Amino acid sequence: MLPAEEITSSINGNDVLKLMASTDLKAAELSEAASEILSEQSRSPKSAVDETSSLLMIENGNMAKEKWKSDCVNIRSNGRTEQIKREHAEHRLSILSIVYNPTAHPTSYLDTLVNMLKGNVGCGILAMGDAFKNGGLFLSPVLTFIIGIICVYNQHVLVQCSKSVKQKLKLQHNPQFAETVELSFQTGPQRFQSYSVFFRNSVNSFIVITQLGFCCVYILFVSKSIQQMLSWYNIELDVHVSILISMVPIMISSLIRSLKFIARLSAIANVCMLVGLVVILYYCTIDLPPLSSRSAIAHWTTIPLYFGTSIFSFEGISLVLPLEQEMKKPKQFSTAFGVLNVGMVIVTSLIVLTGFMGYWRFGDSVRGSLTLNLPEEFLLSKVVISSMMFGIICTYTLQFYVPVEILWPKVEQRFGPFRSPLLWDTGLRVVLVLITFIAADVIPHLSLFISMMGAVASTFLALIFPPLCHMAVTSADDGGNGYGSFNWRLAMNCVTLVLGALGFVTGTYASVYEIFGAFQKVAVTGAVTNTTGNNYTAPGVH
C-alpha cells in the first residue's frame, strides 16, 4: 500500500484513476492526500485546471464524496491559513457536487420548442395588461421587444459560456447555470477567480428567491380567483381568508416528491393555461374601445413598474441550459433558426399581444391578472378561471421543486446525518410553503408583487450574471479579442449591465413605494370606515 505522502508529491489528473485501479488504496487515504493538495497556497492557472479535472475524474471514479464533505465540515478557522483552506475546500466540494446524468430520452426540435413555451407562459404573461398600463399602449411594445432581444442575447451568452468552460476543463458533463457562473470565474483572469464561489452562491440564492417569488405570485393568483368566483355568488371573502383557503391544495401538492408525477401534472397544467389564454385573448377582442382612449406613453414614474413586470414575464432563463442539453441535436438549439430564437420570438409576440389587447380592452381598470377582468356573464369565465387555478396549483409544484433541490443539500450538510430524512424533507417543504404564504399575505397586491420580484430577482438572473460570465470567459480565452468587430459584444454586455442595474434600482424603488402607498390607502380607508361607524369624521378626510 502506498503512503499518502508519496502520492501527494506526484499526483495529477491522469494518474488518479491508475492509482485507484492498481493499488488497494483506501478512500480515506486518498481523501487525505487530496486534502493536502487543497492546502497548497500558490498554483499556476494550468495546475488549477488540471486539479479541477482530476477532482472530476475522482468523482466519476466513485470516490467516497462523504469523506470530502466531512473534510469541509471539520475544518476550523484558526487564522488566515485555515480560512483559505476552508474556502478552497468549499470550492472543490462544489465541483465534486456535479454529477453527470446522461439524458435517457433526448428531445426533438419540436419537443424542446414546446417545453420552452411551457416554461415562459405563466402568471407573468397574464400581468402584461397591467404592465402596458404602466408603460403606455404604444411605448410598451417597443420596450418589450427591446427587452426580449436583450434577454435572448444573454441566453445565447449563457449557452456559449457553458460550452466554453466544458471545453476548457474537458468536462464529461454539461454544467448548469450556477456551475457555469462559478467555473467561468474560476478559470477566468486572476481578479475574477476569488469571486467564483460567491457568484455560485449568489446564482443559487437568486434562483431560490425567484422560484419562491413565483410561488408567492401563484398563491395570490389562486386566492384572488377564489375571491372573484365566490363574489359571483354574493359571498364576500377577505383576501387573507382566501389565501388561507388556497393553502390547503397548495400544501398538499408541495409534498409531491416524484419528478415523474410532477411532470405529468405539469403537462395537464400547460393544457389548462393554453386554453385559458386563448379564451382570454378572444374575450379581449369583444367591444374594443377606440385606440385614442388609451395612453400612448405613460408617465415616466410608472415605467419602472412596467420594467419589473416585463422582465418577470421572461422567466425561462434557468431552463435554457437543461433544454439545450436534453436535445438529440444540441446544435439546433442556438442556430439562427434554432429553438432559442424561434421560441423567444413566439414568447415575445405572445407577451406583446396579451399586454396590448389587455390594456386596449380594459384600460385603467385592467387588473394584475387578466382573469380578474372576466365578468360573470361571460359564458366561459368560470371554466377558464377554474382550469387556470388548477393549472397554477400544478405549476406551483414544479416551481417549488427547484428551491427544495437547492436547499436540501445545505440542510443535510448543516444538520445531518438524519435518522429520518423523509421527516426532515417534509419539514423543509412545509417551512418553505409557509414562508411563501406569509410573504403573499403580507403583500396581497398581485401586480405589485410581480413587479417587485421581476425587478429584484429576475433582473439579476436574466441581465446581470450572463454578461459577467461572458466577460470573465472571453478575457481569459483570448485577452478580450473574442468580443467581435469593434468590440460589439463588450458594448452589448455593458449596455445589458447598465440596463439591469438601472432596472433593479428604479423598479425595486417604484414597487416598494407603490406597496407602501397601497398599505397606506388601506389604512386610511379602514380608519374612515371605523370613524364613520361612530358618527365621527376623521380630520382631513372627506
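Tabulated data
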| quantity | calculated |
| --- | --- |
| Quotient of Cα Rg and 2.2 N^0.38 Å for the range 331-380, N being how many residues it contains | 1.66 |
| The range 221-330: chymotrypsin sites (Phe, Trp or Tyr not before Pro) in DSSP loop, at most 13 other beta carbons within 10 Å | Trp232, Tyr233 |
| Long-range HN-HN contacts of Met327 with modeled amide H, under 5 Å | Thr107 |
| Overall Cα dimensions of the range 201-241, principal axis frame, Å, largest first | 49, 13, 6 |
| The range 104-182 - Rg and Dmax from Cα coordinates, angstrom | 17.1, 50 |
| Equivalent ellipsoid semi-axes - Cα gyration tensor, the range 255-345, angstrom | 33, 21, 16 |
| Too-long pairs where the Cα-Cα distance tops 19 Å, listed order kept, from Lys163/Lys329; Lys166/Lys331; Lys168/Lys410; Lys118/Lys410; Lys118/Lys260; Lys118/Lys382 | Lys168/Lys410; Lys118/Lys410; Lys118/Lys382 |
| Relative compactness, the range 275-407, computed as alpha-carbon Rg over 2.2 N^0.38 Å | 1.28 |
| Of the trypsin sites (Lys or Arg not before Pro) in the range 200-293, those whose Cβ has at most 16 other Cβ within 10 Å and which sit in DSSP loop | Arg257 |
| For the range 416-494: Kirkwood Rh in Å [reciprocal of mean 1/r, alpha carbons] | 16.6 Å |
| Accessible surface ranking that places the most exposed of Lys168, Lys331 first, with a 1.4 angstrom probe | Lys331, Lys168 |
| Sequence of Arg419, Arg361, Arg429 from largest to smallest accessible area, 1.4 Å probe | Arg419, Arg361, Arg429 |
| Residue-level accessible surface for Lys163, protein heavy atoms, 1.4 Å, Å² | 90 Å² |
| Surrounding net charge for Leu321, when Lys and Arg each add one and Asp and Glu each subtract one, Cβ distance under 12 Å | -1 |
| Surrounding net charge for Leu113, when Lys and Arg each add one and Asp and Glu each subtract one, Cβ distance under 14 Å | 0 |
| Computed accessible area, Cys394, all protein chains, 1.4 angstrom probe, square angstrom | 10 Å² |
| Virtual spin-label span in nm between Leu110 and Phe486, 7 Å along Cα→Cβ | 4.2 nm |
| Net charge over other residues, Cβ less than 15 angstrom from the Cβ of Ser293 (K, R count +1; D, E count -1) | +1 |
| Modelled label reach - Trp408, point 7 Å along Cα→Cβ, the range 420-453 residues with backbone N closer than 13 Å | 421-430 |
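The values are calculated or read from the model by the stated rules, or taken from the named source; none is laboratory data. Predicted model only: the values in this text are computed from it and were never measured. Cβ coordinates were reconstructed from backbone atoms using ideal geometry, including for glycine residues, and neighbour counts include every protein chain displayed. For accessibility, only protein heavy atoms count, side chains too; no ligands or nucleic acids. Shrake-Rupley method; radii C 1.70, N 1.55, O 1.52, S 1.80 Å.
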